[in-house]
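Data first, discussion second: the structure below is written as structure tokens.
The values are calculated or read from the model by the stated rules, or taken from the named source; none is laboratory data. Only a predicted model underlies this, so the values are computations on that prediction, with no experimental measurement involved. Note that each Cβ is placed from the backbone with ideal geometry, even for glycine, and that neighbours are counted across all protein chains shown. Protein only, heavy atoms only, side chains kept; ligands, DNA and RNA dropped before computing areas. Shrake-Rupley method; radii C 1.70, N 1.55, O 1.52, S 1.80 Å.
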Amino acid sequence: MTDQRHERALIIDFGSQVTQLIARRLRESGVYCEIHPFNKVDAAFLSEYGPNAIILSGGPSSVYWDDAPMADQAVYEAGVPVLGICYGQQLMMHQLGGRIEGGTSREFGRAFIEKVVEDPFLEGLFHSGDHEQVWMSHGDHVAEMASGFGVIAKSPGAPYAIIADPERQFYGTQFHPEVMHTTHGRQLLRNFTHGVAGLKGDWTMAAYRAEAVQKIRDQVGKGRVICGLSGGVDSSVAAVLIHEAIGDQLTCVYVDHGLMRAGESDQVVNLFREHYNIPLVHVDASELFLGKLDGVTDPERKRKIIGGLFIDVFEEEAKKIGGAEFLAQGTLYPDVIESVSALGGPSVTIKSHHNVGGLPDRMNMKLVEPLRELFKDEVRALGRELGLTDAFVDRHPFPGPGLAIRIPGAITRDKADTLRKADSIYIDEIRKAGLYNEIWQAFSVLLPVNTVGVMGDERTYEAVLALRAVTSTDGMTADYYPFEHEFLGRVATRIINEVKGVNRVVYDVTSKPPGTIEWE
């Protein structure tokens, strides 16, 4: 938990796919918050956490099920404002004396609400007319409100779209204000935190940096820390932050598995050795990794092989360094949330450097995880706060297993080299077109398919390369980027002309479904 000096909201998770978005929206408005599963929040927890406001998330259950997740009654007795969203609204009504019905009033997708009465919760809405676009996703609905509540907005399919008990400062929305499809959802959440709850929004990245540095110093003392660098933003920001806190007590280990992007290893070595003067051990283990991956086609086996080998190589290097008591990891808040599911309970899996497996007991090291309270966009903001360049912190996400999962089928060094070169051309053209920062993630995939083509006077039988590019505001949902045909033609021409072994390029227009974090 972060420093108690900050105002803080509590989000109680009932299993919604988009609960993380609630936290992101609150953080964007300067309100520190944490997500905790419903079965961990009781009177003792509330007393220790000390929330200034509470939000009940949506969820897939129906409140009248025998095993439906419930909120502890202490939530309603905490004396702080409470907002229930979708299932959270229905749960609030169910537990406070209202009535929920199912099956007769389903509503999924865009809907339009209209104001019934004025309320501070609606500040800044309805300026463009009598209706506001929201995003509904419910099969059940409130049939009778609990005592003290009144309707402040309604929709054709949801007569209780927004309800309120101003005296107790309890509010409920049948729709999801956290998703981008609710036009003024951010404003609505801000109205709750800043208007109803009176929070000032005092959580800043500068404050986080200062507090994190002090926490690292308090935890580590005079001890030594080793950090596994992947070349990605998360581990790099963690390393720079830890180095600011404890200097040369930190040693970084960069294991090159031979499946990095073009120029990645040189960039990592130069950044940490030359720019930051951070002690760095660079291990070229490409032969080992590619040898173990020889003939392996299953993507999950690839992940586990790479994760296991990384730990083995890292452990060997740690023994050479000697004396390190602490292991630094770039664990982010989504990793923490996913390891403690509201419906599934705590997980024993600890995030490893490559998102597979766990930390072996034999390593006997204490974890230092200075980013575990941050989302990805917040890590980027912290990186800028620490002086990392925009070109570095704005880099597209890159999975720990690297090119291994972008080469379906068996992996060879030649295939990796082919993909690396093609991918660098693709990214180069995106940068030249000024599109890099408009795209959340772009990359190439070397498909396990060969096609017949004619190049000049020769018939060829070579590989097909797929290009992907998606836009996203939250990393949980995404849509393909609508490149102009001229751009795609230019990229395809360069790749076919410059990369031997590829004779066809296709563009993937698949969208990314909700509920997933990384597109691979």
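Here's the yes/no breakdown for (1) open to solvent by 10 Å² or more (accessible area, probe 1.4 Å); (2) under 20 Å from S57 (Cβ atoms); (3) among the aliphatic types (A, V, I, L, M):
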site: E144; (1), (2), (3): yes, no, no
site: S147; (1), (2), (3): yes, no, no
site: P156; (1), (2), (3): yes, no, no
site: I162; (1), (2), (3): no, yes, yes
site: G172; (1), (2), (3): no, yes, no
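Table: residues versus (1) modelled with pLDDT of 80 or more; (2) surrounded by 13 or more Cβ atoms within 10 Å (Cβ to Cβ); (3) under 28 Å from V213 (Cα atoms).
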residue: V281; (1), (2), (3): yes, yes, yes
residue: G295; (1), (2), (3): yes, no, no
residue: L309; (1), (2), (3): yes, yes, no
residue: A318; (1), (2), (3): yes, yes, yes
residue: V336; (1), (2), (3): no, yes, yes
residue: S339; (1), (2), (3): no, yes, yes
residue: S347; (1), (2), (3): no, no, no
Output the helices (runs of 4 or more DSSP H) that fall wholly within segment 360-436 and possess 3 or more residues being open to solvent by 30 Å² or more (accessible area, probe 1.4 Å) and in contact (Cβ under 8 Å) with a residue 12 or more places away in the chain, or say none. 376-385, 413-432
Which residues, counting only those in segment 176-201, are surrounded by fewer than 16 Cβ atoms within 10 Å (Cβ to Cβ) and at pLDDT 90 or above? G198, K200
Among residues of segment 61-77, those that are surrounded by 19 or more Cβ atoms within 10 Å (Cβ to Cβ) and either more than 13 Å from Q89 (Cα to Cα) or touching a residue at least 60 places away in the same chain (Cβ under 8 Å) (or both), counted: 4
Residue check for A328: modelled with pLDDT under 80, of a type in the set (A, V, I, L, M) and surrounded by 20 or more Cβ atoms within 10 Å (Cβ to Cβ): no
